[in-house]
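The structure under discussion appears below in the form of structure tokens.
The values are calculated or read from the model by the stated rules, or taken from the named source; none is laboratory data. A quick note: this is a predicted structure, and the numbers were derived from the prediction, not measured. Positions of Cβ are backbone-derived with ideal geometry, glycine not excepted, and every protein chain shown enters the neighbour counts.
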Amino acid sequence: MRRLLVTGAAGLIGSEVVAYFAKHDWNIQGVDNNMRADFFGPKGDTTWNTRRMEANIPNYHCVDVDIRDRGAVLDMVAHFKPDAVVHTAAQPSHDLAASRPFDDFDVNAVGTLNLLEAVRQYSVNVPFVHMSTNKVYGDAPNKLALNELDTRWDYADDQYYDGIKESFTIDQSKHSVFGASKVAADVMVQEYGRYFDMNTCCLRGGCLTGPNHSGVELHGFISYLVRCNLEKRLYTIFGYKGKQVRDNIHSLDVASFIHHYIEKPRCAEVYNLGGGRDNSISILEAFDLISTISGNDMQYEYSDQNRSGDHICYISDLSKMHAHYPEWSITKDLTTTFEEIYASWKQRES
């Protein structure tokens, strides 16, 4: 039985990866110290997810290791001897990074380096998948010409109709402190691939979502929006008239792509991982969709102040992913994804 090491295992993508690979007969070690509760308070706590997985997945166990602890990470990898590593642990919030920059950089950049070096010392043949972010592009996508439509912003230039490619610049732009720490990790993952001839890849995720997300206002766009609708709580739109657009990908489709990569790994690759144009939605459009599902009108207020470095319109171009892994495809559309998230929040609230 092959061995998979998953960091951030109680988070949205980590837990989906655990469940997916468990069904494919991998022996899985999770790594999670519930740092999300420290970052976001009780509503960000992922203990429920750790308990759920340990109770329901026989070939899974989780260790409480802080990826900032270099010695512990080196020992863990050497002891577990993984056949592949999926690194999803991160500090994910723009706003929080600004108030806790040391924690943000130590988790996102230093933690990633610790894992890379631990894997290199164990074996350069182990595929290493890093969950990066589209925030490595900073606010450069906002410099593209946009059209304002009734419910969304959209690209004015036809060459961007299918979205942002991996060749888009990550330089000379405003990233936020969070975006900068993720750039550092992203480039280091690429460098370990090229310099040490390791099979590494960076998945520059857009909005990754799904029913296991503990969404909060500072992180987790759709999950938090759905929760507000369910609880009839006030949702705050931050700038851009609520027409800002994100492409959304279900965590199951993320896990599926990771599986395809691990089975046929490549050196120092970068992929823009999202739902593409078909799974893109604005905040206003998301209000309409969840209201249709729940029957609740969305309660919201508007702030003229957009979040610093926030994208106005971001859609991932999936052409490189499809070219390298033609057998992979998106299987969950937006309506299905919203319905699953709504059902999950209802179950947790009951």
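Things to note:
- Of all residues in region 100-115, those satisfying the criterion of being touching a strand residue (DSSP E or B) at 6+ places or on another chain (Cβ under 9 Å) and farther than 10 Å from VAL77 by Cβ are GLY111, THR112.
- Residue in region 134-156 that is modelled with pLDDT of 95 or more and within 26 Å of HIS79 (Cβ to Cβ) present: no
- Residue match in region 281-290 (condition: over 19 Å from the mean Cα position of the chain (by Cα), outside any helix (DSSP H, G or I) and among the aromatic types (Phe, Trp, Tyr)): no
- Contact annotation: residue pairs with Cβ atoms under 6 Å, 6 or more positions apart or on different chains, pairing a residue in region 119-140 that is more than 23 Å from PHE196 (Cβ to Cβ) and of a type in the set (Phe, Trp, Tyr) with a partner that is at pLDDT 95 or above and surrounded by fewer than 23 Cβ atoms within 10 Å (Cβ to Cβ), are TYR137/PHE168; TYR137/ILE170.
- The set of residues from region 46-63 being within 14 Å of GLY8 (Cβ to Cβ) and part of a loop (DSSP other than H, G, I, E, B) comprises just one member, THR46.
- Residues (in contact with a helix residue (DSSP H, G or I) (Cβ under 9 Å, 6 or more places away or on another chain) and either assigned to a helix (DSSP H, G or I) or surrounded by fewer than 21 Cβ atoms within 10 Å (Cβ to Cβ) (or both)) located in region 134-144: ASN134, LYS135, VAL136, TYR137, ASP139, PRO141, LEU144
- Qualifying residue in region 96-108 (condition: in contact with a helix residue (DSSP H, G or I) (Cβ under 7 Å, 6 or more places away or on another chain), within 20 Å of ILE258 (Cα to Cα) and in a loop (DSSP other than H, G, I, E, B)): no
- Only one of the numbered conditions (1) of a type in the set (A, V, I, L, M, F, W, C); (2) under 21 Å from GLU339 (Cβ atoms); (3) surrounded by 22 or more Cβ atoms within 10 Å (Cβ to Cβ) is not met by PHE221, and that is (3).
- Neighbours by Cβ (under 7 Å, 6+ apart or cross-chain): first from region 77-99, of a type in the set (Ser, Thr, Tyr); second in a strand (DSSP E or B): THR88/VAL6; THR88/THR7; THR88/MET131; SER93/HIS219
- Count of region 146-166 residues which are part of a loop (DSSP other than H, G, I, E, B) and closer than 18 Å to GLY275 by Cα: 6
- Comparison of ALA255, ALA268 shows that the only residue that is of a type outside the set (Lys, Arg), touching a helix residue (DSSP H, G or I) at 6+ places or on another chain (Cβ under 6 Å), farther than 20 Å from ILE341 by Cα and touching a residue at least 12 places away in the same chain (Cβ under 8 Å) is ALA268.
- Of the residues making up region 314-337, those that are surrounded by fewer than 18 Cβ atoms within 10 Å (Cβ to Cβ) and among the charged types (D, E, K, R) are LYS320, GLU327, ASP333.
- Take the conditions (1) modelled with pLDDT of 95 or more; (2) of a type outside the set (Phe, Trp, Tyr); (3) part of a loop (DSSP other than H, G, I, E, B); PRO211 misses just one of them, which is (1).
- Restricting attention to region 294-312 and to residues that are buried (at least 16 other Cβ atoms within 10 Å of the Cβ) and modelled with pLDDT of 95 or more, the residue that is farthest from GLY138 (Cα to Cα) turns out to be SER294.
- Scanning region 105-133 for residues that are touching a Ser or Thr at 6+ places or on another chain (Cβ under 9 Å), among the small types (Gly, Ala, Ser) and surrounded by fewer than 22 Cβ atoms within 10 Å (Cβ to Cβ) turns up just one, ALA109.
- The single condition among (1) modelled with pLDDT under 95; (2) surrounded by fewer than 21 Cβ atoms within 10 Å (Cβ to Cβ); (3) not in a loop (DSSP other than H, G, I, E, B) that ASN33 does not meet is (3).
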